[in-house]
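Step one of this worksheet: look at the structure below.
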4 protein chains.
Amino acid sequence: MRFFSDNAAPVHPAVFAAMAAHNTLDTAYDGDALSRSLDARFSALFETEVRALWVPSGTAANCLALAALCPPFGGVVCHRDAHIQNDECGAPEFYTHGAKLMIGEGDGAKLTPDSIRAVIDIIANDVHRVQPHAISITNATEYGMVYMPAEVAAIGALARERGLALHMDGARFANAVAHLGCAPADLTWRAGVDALSFGFIKNGGMTAEALIFFKPDLAADTLRRRKRAGLLLSKGRYLAAQIVALLEDNLWITNGAAANAAARALAEAGGARLVYPVEANEVFLRVTPEEAAGLRALGFDFYDWAPGEIRLVTSWNHTIEQVRPLAEAIAALP
Amino acid sequence: MRFFSDNAAPVHPAVFAAMAAHNTLDTAYDGDALSRSLDARFSALFETEVRALWVPSGTAANCLALAALCPPFGGVVCHRDAHIQNDECGAPEFYTHGAKLMIGEGDGAKLTPDSIRAVIDIIANDVHRVQPHAISITNATEYGMVYMPAEVAAIGALARERGLALHMDGARFANAVAHLGCAPADLTWRAGVDALSFGFIKNGGMTAEALIFFKPDLAADTLRRRKRAGLLLSKGRYLAAQIVALLEDNLWITNGAAANAAARALAEAGGARLVYPVEANEVFLRVTPEEAAGLRALGFDFYDWAPGEIRLVTSWNHTIEQVRPLAEAIAALP
Amino acid sequence: MRFFSDNAAPVHPAVFAAMAAHNTLDTAYDGDALSRSLDARFSALFETEVRALWVPSGTAANCLALAALCPPFGGVVCHRDAHIQNDECGAPEFYTHGAKLMIGEGDGAKLTPDSIRAVIDIIANDVHRVQPHAISITNATEYGMVYMPAEVAAIGALARERGLALHMDGARFANAVAHLGCAPADLTWRAGVDALSFGFIKNGGMTAEALIFFKPDLAADTLRRRKRAGLLLSKGRYLAAQIVALLEDNLWITNGAAANAAARALAEAGGARLVYPVEANEVFLRVTPEEAAGLRALGFDFYDWAPGEIRLVTSWNHTIEQVRPLAEAIAALP
Amino acid sequence: MRFFSDNAAPVHPAVFAAMAAHNTLDTAYDGDALSRSLDARFSALFETEVRALWVPSGTAANCLALAALCPPFGGVVCHRDAHIQNDECGAPEFYTHGAKLMIGEGDGAKLTPDSIRAVIDIIANDVHRVQPHAISITNATEYGMVYMPAEVAAIGALARERGLALHMDGARFANAVAHLGCAPADLTWRAGVDALSFGFIKNGGMTAEALIFFKPDLAADTLRRRKRAGLLLSKGRYLAAQIVALLEDNLWITNGAAANAAARALAEAGGARLVYPVEANEVFLRVTPEEAAGLRALGFDFYDWAPGEIRLVTSWNHTIEQVRPLAEAIAALP
């Protein structure tokens, strides 16, 4: 059984059904009715007027957002372990035309107002230094931890104070919201977030993420940047259908909750081996190479994150029953 | 009935079935077995060793190809009516980091060795002028005309003579091959093509095109550029499945032939109104605004291409029977 | 005697003297008193508040201006023979991060409102087409012709009407102003120009041009772009000194007038051989290869512009006496 | 007396004289005899065939070099305190089209093979991570320390082993060579350096640095990038003249030695207050705010580098006699 990545999970049946239901002739690109409905659907979800664009990857969502928030000669504060810094092969630099990522620290890949200040307060405001223009945080983080609304709001307040924009990489936004049980609005614009990469692919989708602008004016140029990046897919209705299916009856939260529950089951088994609190769907455990080999011999697959450390990721389709054998195997480690 | 664009056509049932058949846990990105099979499948199809990458749009395929073939300070010769010049919102400039498109002329959006020479022979080879590095042709063209193998080969010979690379935008490659009945190899690498954007989306696919490198060495950097552009989708197996389904039993040619046949039926009705010979799945007709309004009143929809000129595009799912009412309506125009 | 280019001319003694006079310890970059005086000096010259930045080349001035006026996904309308299109090796695309030059026509490298409309009116305002954001004109043009204030104003009015910015490449602005005898303001901001590349190098300078923003707000980001491009030279006071010397007592106009007078002397000799009216310091003549060879045999050097056409450029240091032998040789051609 | 920066120093009389001596009509750009002589002059200096290009700033030299050595999707290892990281407003990212600077550590702004390995050994060689392509070191460093030939060679060996290119930012190369008394070749290509930014401006020049390629093949594309960046100045002979004047009789080493000697005099006075060994022309001292104010009250000006730390920079024109009052004032601090 594979716990490698939630990207490896299958597509939710409702997503497939929605694509099939719309497998008819329609307008190309994003001119179809489903695509045009996204603004209203997300505005309702977020209880404010937003603009919502589908894109085919989280990297695309993140980097279009950064390009909207930071000029080529600016900088974006992010965590040392942020996906945009480590796992996108320089996509932020490509989309922003060379903006600089400014690296902050913090436990569990979480930035704090203090750790952000430590980055930006030392930057002289002259023409020689790249100036910060935005902050990007990931929720849930790359280590499966969750920013609470108040934590985001504290960063949002700092951002406003310093004239910085705030982006949230929500590749696992569903897991964060499912964990917190809060209103999506509380975790985003009410806390100062300007743009959100709202992940659906890890959550049961196939090829569609949503990029949400809480400042609607930011969207216009991004429509052009999306086209210019080859991201305005010809048959966008199939992407919109995926998103609509996952929004329906809050299936996205249901899916996020399922993955979280599976992770919690593993976490309880992990006990003192846990590297980070398990608040979403990722479990990092301290195991010896021999122990890791033992788990693999039992048929479990996962990522060797660092020496003596493994990463287990659960997905929307993992049930407690399904992950129980792994939980028991972990608990049985000497 | 809509004849707006083959991008508006639905997805072929075999494509859907293939995606559903692979809706299981697998490796993320392009690590799955289907994605890894593409090199071999396309190498067999093209009778030579190629590298094949899925991408989610034709613009992405075109522009990754151009970035592989032309440095930021170089130029790409293309037709005035080329998709890369007119319909990609500057994507070639984005992906190449600012290379210049050099505009050539020719009937029906076809370049010729002479029209290419007219562009490049006047460029002094000094450091002040952008130097050409590549040629890009579209087959079938934006006006539904087809380059024959010998025509491509003549351009390929010029390209080699001048040290230029040759790219083919094959958004409607299926229509071209179906029209010619030739081996795909004869229309591409045997004629000097270095990279091909092999279109599947207009041909019954959903979100997958293939970028083919006939010089395998060109692919390595492109794998990084694809990631860096946010185009390495998380669940690539669903893209690979689409392509594999359309390659199976040459379904792509069957689909291209169907669209072509429907277009020919319209063309025969169009007679002297035809702006260009109909060799693929696009029909351009001279009609007055009143005539256009009349056709629309009958329930047909299409693109007003230019004053006094409309564009009708047929798709893989159009049967002769289905297009007959439009053909008759055209024939009945006064 | 060389008539190749005004770039080949020596540096005016007053420029040298000014640099020597300031050859003392001072603040680096543009923090020195001379650099800081430029805003005020040019504001006085142009009778309005402007921001003025030195840069070391005309290409740099042009392309920083374009980057300030046009986003990466936009377009700049310019003449087919514009320096930015032909002679800057893609610098506009580099500085703007891939904006597209949109090519217009017109006699003597002059755009007109009609020729600009012919470019932009056919661009559908959708996300697929690059949209125009700016117009760039060259005054005096690459063919030595001069836009009059009313001609610029007509283009400026069109620009405002369409929401486009207007840039003037004034590599030979001195020659244009000397020809017209108008106020610099009338030829620029009063006629709708937003940014001017004000050339000094061809006019007796060494390494300094001025980039003038008539909308002062445009300057702030450009200060960063200038640094980021490696154009914020360490010892900027020597650049400022050059400009200040040429502004003093309107030496720049005196120098432009001298070059123009020398060109007029050649033009009178050229008579029916003139390809364009001679309004600045460039003379294009129709001569056979044999005639060109004959002139060269007499010791005159110049550029073979096109088959049967030569270009003669006069400079600030050419006196009527000095060019008389060439004028006589031209007049003596059979 | 100002010790702010060697960029604030005046221009050496020999440099002025050389420019004046060549103040005649000549070929534009880099077609003049002086510019064309640079390859041979630097080849002689470095005892191997090199290509040498003038550029008007150190930032330009550095970033053209990096663009030649690293693709847009690659990375460049540099020190946390490197000029390219901190003081060029993102110019490396602009010139390379978005390559990533990878930050290493080390005393006195010096990288070591170990500190470089600490950066690159943790980068998985997959398509998600930006891969290192080059290393950039500064000699003398931003803290006035000098890499010895053996230290550079150790880094060069690592670079070759890992397939990385090696760039040296030699804004103060003269100070390093003057300190070491070594052959320039020993500090560069014999130690594995591929490209050198050879600084002349801080060393008595006005607007000219040299970019040296020890692999001549790297120069061709850079000639185009230089033009494309607006750095191919129209009257390049005045830049070449500066460089030639400073090469003559090794004036560059004489100037570097003078600045170094002045710095040593200050360093001896600084004693235990020194933050770094003084090996070039920069002196960093620990002083209280009151002490700094006291020095300023005596008429000395300098940079407040960090809390409790000041930077004093000497220049080619500082004599021991001239800096003695400052040395005495430092020695007299309580």
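Brief remarks follow.
- Yes/no for D:GLY236 being without any contact (Cβ under 8 Å) to a residue 12 or more places away in the chain, open to solvent by less than 40 Å² (accessible area, probe 1.4 Å) and assigned by TED's automatic domain parsing to the domain that holds D:ALA183: no
- Answer from C:ARG2, C:ARG80 - the residue that is within 14 Å of chain D (Cβ to nearest Cβ) and of a type in the set (Lys, Arg): C:ARG2
- Positions within the range D:97-119 being assigned to a helix (DSSP H, G or I) and on the phi > 0 side of the Ramachandran plot, in sequence order: D:GLY108, D:ALA109
- Residue match in the range B:171-180 (condition: within 14 Å of chain C (Cβ to nearest Cβ) and either touching a Lys or Arg at 6+ places or on another chain (Cβ under 6 Å) or open to solvent by 10 Å² or more (accessible area, probe 1.4 Å) (or both)): yes
- For the range C:191-211, the condition of being over 27 Å from D:LEU231 (Cα atoms) and not assigned by TED's automatic domain parsing to the domain that holds C:LEU312 holds for at least one residue.
- Single unsatisfied condition, D:ILE122 versus (1) assigned to a helix (DSSP H, G or I); (2) open to solvent by 50 Å² or more (accessible area, probe 1.4 Å): (1)
- Enumeration of residues in the range C:27-50 that are more than 14 Å from chain D (Cβ to nearest Cβ), of a type in the set (A, V, I, L, M, F, W, C) and open to solvent by 50 Å² or more (accessible area, probe 1.4 Å): C:ALA40, C:ALA44
- Pairs meeting the criteria (first residue in the range B:210-230 and away from chain A (no Cβ under 13 Å), second residue polar (S, T, N, Q) and open to solvent by 10 Å² or more (accessible area, probe 1.4 Å), beta carbons under 8 Å, at least 6 apart or on different chains) are B:PHE214/B:THR48.
- Every listed requirement among (1) assigned to a helix (DSSP H, G or I); (2) of a type in the set (S, T, N, Q); (3) in contact with a helix residue (DSSP H, G or I) (Cβ under 6 Å, 6 or more places away or on another chain) is met by C:GLN322 save one, (3).
- Test: C:ILE120 is in contact (Cβ under 8 Å) with a residue 40 or more places away in the chain, among the β-branched types (Val, Ile, Thr) and away from every other protein chain (no Cβ under 13 Å): yes
- Any chance B:ILE123 is under 27 Å from C:PRO307 (Cα atoms) and at pLDDT 95 or above: yes
- In the range B:84-142, the residues that are touching a Ser or Thr at 6+ places or on another chain (Cβ under 7 Å) and charged (D, E, K, R): B:GLU88, B:GLU105, B:LYS110
- Lone qualifier among C:GLU291, C:GLU309, C:GLU268 - being farther than 24 Å from C:ALA171 by Cα, surrounded by fewer than 16 Cβ atoms within 10 Å (Cβ to Cβ) and not assigned by TED's automatic domain parsing to the domain that holds C:ALA20: C:GLU268
- Taking the numbered list (1) of a type outside the set (A, V, I, L, M); (2) open to solvent by less than 10 Å² (accessible area, probe 1.4 Å); (3) not in a strand (DSSP E or B) in turn, D:TRP54 passes all entries but (3).
- Taking the range A:83-96 as the range and being assigned to a loop (DSSP other than H, G, I, E, B), out of contact with any strand residue (DSSP E or B) (no Cβ under 6 Å at 6 or more places or on another chain) and crowded, with 24+ Cβ neighbours inside 10 Å as the test, the residues that pass are A:GLU88, A:CYS89.
- Single condition D:LEU66 does not satisfy, out of (1) in a loop (DSSP other than H, G, I, E, B); (2) within 14 Å of chain C (Cβ to nearest Cβ): (1)
- Residue check: B:HIS128 meets all listed conditions (1) away from chain C (no Cβ under 14 Å); (2) within 13 Å of C:ASN86 (Cα to Cα) but one, namely (1).
- Taking the range C:97-119 as the range and being touching a Cys at 6+ places or on another chain (Cβ under 6 Å) and open to solvent by less than 20 Å² (accessible area, probe 1.4 Å) as the test, only C:ALA99 passes.
- Close contacts from the range C:190-209, counting a first residue that is at the interface with chain D (Cβ under 9 Å from one of its Cβ atoms) and within 14 Å of C:THR59 (Cβ to Cβ) and a second that is of a type in the set (Lys, Arg) and open to solvent by 10 Å² or more (accessible area, probe 1.4 Å), with Cβ to Cβ under 9 Å and a gap of 6+ residues or different chains, come to C:LYS202/C:ARG172.
- Residues that are surrounded by fewer than 19 Cβ atoms within 10 Å (Cβ to Cβ) and over 21 Å from the mean Cα position of the chain (by Cα), drawn from the range C:271-288: C:GLY271, C:ALA272, C:ARG273, C:LEU274, C:ARG286, C:THR288
- Inter-residue pairs, beta-carbon under 8 Å, first more than 19 Å from A:PRO71 (Cα to Cα) and free of Cβ contacts under 8 Å to residues at least 40 places away in the same chain and in the range C:52-70, second of a type in the set (Gly, Ala, Ser) and not in a helix (DSSP H, G or I), 6+ apart: C:THR59/D:GLY230
- Boolean, D:GLY156 is within 20 Å of the chain's Cα centre (by Cα), assigned to a helix (DSSP H, G or I) and crowded, with 21+ Cβ neighbours inside 10 Å: yes
- Scope the range B:163-178; condition in a helix (DSSP H, G or I) and either not hydrophobic (A, V, I, L, M, F, W, C) or not assigned by TED's automatic domain parsing to the domain that holds B:GLY199 (or both); matching residues: B:ASN175
- Selection from the range C:204-233 of residues that are crowded, with 24+ Cβ neighbours inside 10 Å and hydrophobic (A, V, I, L, M, F, W, C): C:MET206, C:ALA208, C:ALA210, C:LEU211, C:ILE212, C:PHE213, C:ALA229, C:LEU231, C:LEU232, C:LEU233
- Residue-level analysis places A:ILE253 outside the set of residues that are closer than 24 Å to B:LEU233 by Cα and either of a type in the set (S, T, N, Q) or crowded, with 23+ Cβ neighbours inside 10 Å (or both).
- Criterion (without any contact (Cβ under 8 Å) to a residue 60 or more places away in the chain, on the phi < 0 side of the Ramachandran plot and in contact with an Asp or Glu (Cβ under 9 Å, 6 or more places away or on another chain)) met by exactly one of C:ILE320, C:ILE310: C:ILE310
The values are calculated or read from the model by the stated rules, or taken from the named source; none is laboratory data. Model, not experiment: these values are computed from the prediction. Methodologically, a virtual Cβ is constructed for each residue, glycine included, from the backbone with ideal geometry; neighbour enumeration extends over all protein chains shown. Note: accessible area is taken over every heavy atom of the protein model, side chains too, but ligands, DNA and RNA are not part of it. Shrake-Rupley method; radii C 1.70, N 1.55, O 1.52, S 1.80 Å.
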